[in-house]
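The values are calculated or read from the model by the stated rules, or taken from the named source; none is laboratory data. Since the model is a prediction, treat every value here as computed from it, not as a measurement. Every residue, glycine among them, receives a Cβ derived from its backbone with ideal geometry; neighbour counts consider all protein chains shown. To get the accessible areas, we keep the full protein, side chains included, count just its heavy atoms, and leave off ligands, DNA and RNA. Shrake-Rupley method; radii C 1.70, N 1.55, O 1.52, S 1.80 Å.
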Amino acid sequence: MWSDETLELSRYRAALSENCLKSAELLYQNGDFLAAANRSYYAVFHAMRSLLILSGEDFKKHSGIIGRFRQLYIKSGILPENLSQIITSLSSIRNECDYGDLISISSEEVRERMEEAQQFCRKIKEYRNFLQKGTSEA
């Protein structure tokens, strides 16, 4: 169903997602909460891209990725609706942390966003595995 190149790109993006989760944890442990929030968002961003490429979709802008992901996977009922809220909360905090001035964010809020990112990435990984298992049995 997918070319070797597409599968490799999906795996690469999934690995980027996992690395972002690990980086977020290390940054959090070192008290760099703004960077931990940023990495949590990018974990979700790369997870979305790892799945979108399996549908033959790719976009340059974050808004394109988010919009198409929601349309293909959440609005269609393939993935749970709560993932949309996770995208919104992480995107919002990432924009605030990256572009705002004099930002103060609590360790508790960052920990919550990190847990949301982990939940999101777990769901995407489960669905990617389901898709790939289904095609290998065909």
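So for the range 117-128 (the condition being modelled with pLDDT of 95 or more, within 21 Å of residue 31 (Cβ to Cβ) and assigned to a helix (DSSP H, G or I)), does at least one residue qualify? Yes, the range 117-128 contains at least one residue that is modelled with pLDDT of 95 or more, within 21 Å of residue 31 (Cβ to Cβ) and assigned to a helix (DSSP H, G or I). Apart from one condition, residue 60 fits all of (1) within 30 Å of residue 6 (Cα to Cα); (2) modelled with pLDDT of 95 or more; the exception is (2).
Any idea how many residues of the range 120-131 are farther than 19 Å from residue 6 by Cβ and loosely packed, with under 15 Cβ neighbours inside 10 Å?
First pass over the range 120-131, keeping only residues farther than 19 Å from residue 6 by Cβ: 120-123, 126.
Subsequent filtering for residues that are loosely packed, with under 15 Cβ neighbours inside 10 Å retains 122, 126.
Residues meeting the conditions: 2.
Screening 92, 76 for residues that are open to solvent by 60 Å² or more (accessible area, probe 1.4 Å), among the hydroxyl-bearing types (Ser, Thr, Tyr) and outside any helix (DSSP H, G or I) leaves exactly one candidate, 76. Looking only at residues in the range 95-115 that are part of a helix (DSSP H, G or I) and not charged (D, E, K, R), the one that is nearest to residue 63 (Cα to Cα) is 95. Scanning the range 1-15 for residues that are touching a residue at least 12 places away in the same chain (Cβ under 8 Å), open to solvent by less than 50 Å² (accessible area, probe 1.4 Å) and assigned to a helix (DSSP H, G or I) yields 6, 7, 10, 13, 14.
Each row is one residue, and each column tells you yes or no for (1) in contact with a Cys (Cβ under 6 Å, 6 or more places away or on another chain); (2) in contact (Cβ under 8 Å) with a residue 40 or more places away in the chain; (3) closer than 17 Å to residue 16 by Cα; (4) open to solvent by 50 Å² or more (accessible area, probe 1.4 Å).
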residue: 47; (1), (2), (3), (4): yes, yes, yes, no
residue: 55; (1), (2), (3), (4): no, no, no, yes
residue: 63; (1), (2), (3), (4): no, no, no, yes
residue: 68; (1), (2), (3), (4): no, no, no, yes
residue: 88; (1), (2), (3), (4): no, no, no, yes
residue: 100; (1), (2), (3), (4): no, no, no, no
residue: 112; (1), (2), (3), (4): no, no, no, yes
residue: 133; (1), (2), (3), (4): no, no, no, yes
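Does residue 45 satisfy being within 30 Å of residue 101 (Cα to Cα) and at pLDDT below 95? It is false that residue 45 is within 30 Å of residue 101 (Cα to Cα) and at pLDDT below 95.
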